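Enquirer: Please read through the structure below; I'll follow up with questions.
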Ligand SMILES: [Zn+2]
């Protein structure tokens, strides 16, 4: 049956539409709470049929119906990415982690929603940092809230709790704060400190170490490549958030396997 995947995909498209608003308005310092209801260019209100994820962009052929200016490709792209991400998360939980066979019913559904929510926040942070060099506070704080909620839900339904998560969160944030002081703010920003806290909270020990290792390694490799091909100068800015998120996702999926290999 594919119906579950279709439902998850459509949910992803709708959440992606919301992420667009969040990214765009945080970059401009506006409130994001009231949906994308107007055109970026002519500021006219959009009708409901101009606000349907993915479909509106296709039907309108990428242009505003009133001012005929181009609609940023970011909108359909983020919607599609979120849809695909939701399918990916659902697939991972359903197959690789044998999620739905281990835990039944309400707990599985609740956990799935929490994972999807956290995934969506990480995607928003990834895109916002690549495009605008910002780590949206709303996305980080909401993900931290969901992470804490997940700890509570896990404890409530399985009786198990990972006591390493909160110390990992605090220590990672402190470590990044120390790096900021050491590099006098040239290396990373306070957004990374909050993101570090989130990483520790989601991963716990020792997975957080795998995530940090992957983040610093891939960050260094991509940084050197960008400098070598002349896209960046030694002193120019490279967003570090995307590498932290890459490391987090990698550690989340492969952490257990890697640890199993070493023990
Ligand atoms: Zn317009």
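Enquirer: For residue 217, project a label point 7 Å along Cα to C-beta. Then give me every residue of segment 145-184 with its amide nitrogen under 17 Å of that point.
Expert: Inside the label zone: nothing.
Enquirer: Figure the gain on full extension for residue 45 and residue 133 (residue separation times 0.36 nm, minus the Cα-Cα span) and round it to one decimal in nm.
Expert: On the way: separation 88, 0.36 × 88 = 31.68 nm, distance 2.84 nm.
Residue separation times 0.36 nm, minus the Cα-Cα distance, leaves 28.8 nm.
Enquirer: Give me the percent relative contact order of segment 145-194, please, defined on Cα pairs under 8 angstrom at least 6 residues apart. Present the calculation step by step, with values, prior to reporting the outcome.
Expert: Details: 20 pairs, mean separation 12.1, N = 50.
Over segment 145-194, the number comes to 24 percent.
Enquirer: From the square roots a ≥ b ≥ c of the eigenvalues of the alpha-carbon gyration tensor of segment 162-263, which class results: rounded (a/c under 1.5), prolate (a/b over b/c), or oblate? Walk me through the numbers on the way to the answer.
Expert: Details: a/c = 2.78, a/b = 1.43, b/c = 1.94.
It is oblate, given that a/c is not under 1.5 and a/b is not larger than b/c.
Enquirer: What whole-number value in cubic angstrom gives the convex hull volume per residue for the C-alpha atoms of the chain? If you can, show how the numbers build up before the last one.
Expert: On the way: hull volume 43.0 nm³, N = 263.
Hull volume over Cα atoms, normalised by residue count, gives 164 Å³.
Enquirer: Taking the beta-carbon count within 10 Å as an exposure proxy, list 153, 7 from fewest neighbours to most. Don't skip to the end; give the middle numbers.
Expert: On the way: 153 17, 7 12.
Final ranking by Cβ density, sparse to dense: 7, 153.
Enquirer: Work out the FRET efficiency for residue 209 and residue 88 from their Cβ-Cβ distance, taking R0 = 30 Å, and round it to the nearest 0.05. All intermediate terms of the calculation are to be shown ahead of the outcome.
Expert: Details: r = 24 Å, r/R0 = 0.81.
After rounding to 0.05, the efficiency reads 0.80.
Enquirer: What ranking do 213-222, 252-261, 128-137 get when scored by the average of other Cβ atoms within 10 Å per residue, highest first? Let's see the in-between values first.
Expert: Numbers: 213-222: 15.7, 252-261: 13.2, 128-137: 18.5.
Listed from highest to lowest mean packing, they are 128-137, 213-222, 252-261.
Enquirer: Using mean Cβ contacts within 10 Å as the protection proxy, how do 140-148, 66-74 order, highest first? All intermediate terms of the calculation are to be shown ahead of the outcome.
Expert: Details: 140-148: 19.0, 66-74: 13.2.
The most tightly packed comes first, giving 140-148, 66-74.
Enquirer: Ok, one more. What nm value, rounded to one decimal, do you get for the distance between residue 162 and residue 69 when each label is placed 7 Å out toward the C-beta?
Expert: Going from the residue 162 label point to the residue 69 one covers 4.5 nm.
Enquirer: Round to the nearest 0.05 the FRET efficiency obtained for residue 58 and residue 28 when R0 = 25 Å and r is the Cβ-Cβ distance. It would help to have the intermediate numbers written out before the result.
Expert: Numbers: r = 26 Å, r/R0 = 1.05.
So, using R0 = 25 Å, E works out to roughly 0.45.
Enquirer: Can I ask one more? Could you work out the equivalent-ellipsoid semi-axes for segment 102-173, taking the square root of 5 times each eigenvalue of the Cα gyration tensor, largest first, in whole Å?
Expert: Numbers: eigenvalues 132, 52, 12 Å².
Ellipsoid half-lengths, sorted descending, are 26, 16, 8 Å.
Enquirer: Could you compute Rg(Cα) / (2.2 N^0.38 Å) for segment 1-145, with N its residue count?
Expert: 1.13
Rule-based calculations on the coordinates, nothing more; no lab input. On a predicted model such as this, the values are computed, not experimentally measured, just so you know. Positions of Cβ are backbone-derived with ideal geometry, glycine not excepted, and every protein chain shown enters the neighbour counts.
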